[in-house]
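Coordinate-derived values only; no laboratory data. All values reported here derive from a predicted model rather than from experimental measurement. Here Cβ is always computed from backbone atoms with ideal geometry, including for glycine, and neighbour counts include all displayed protein chains.
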Amino acid sequence: MEIGVRPELCEANGVCAGLAPAVFELDEDEQLHIHRPIPDESVERVTKAVQLCPKGALFIAGNEPEI
């Protein structure tokens, strides 16, 4: 599983980091970091984080949003 982020949409709400802290991390400057590779045991949580991102900034590779 490959996850991407559109930084121009990310507002550092932290929903993703709350759902999958082993994968998503917000630094002190509120920049999102995605730890790779995504562990198999985190796939369900990561998928939920993508679905629940309030700004739609996250996407699963192959399902990139239109610009």
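Descriptive notes on the structure:
- Test: residue in segment 18-29 that is touching a residue at least 24 places away in the same chain (Cβ under 8 Å), in a helix (DSSP H, G or I) and surrounded by 14 or more Cβ atoms within 10 Å (Cβ to Cβ): yes
- Residues of segment 30-50 that turn out to be part of a helix (DSSP H, G or I), free of Cβ contacts under 8 Å to residues at least 24 places away in the same chain and not hydroxyl-bearing (Ser, Thr, Tyr), as a count: 3
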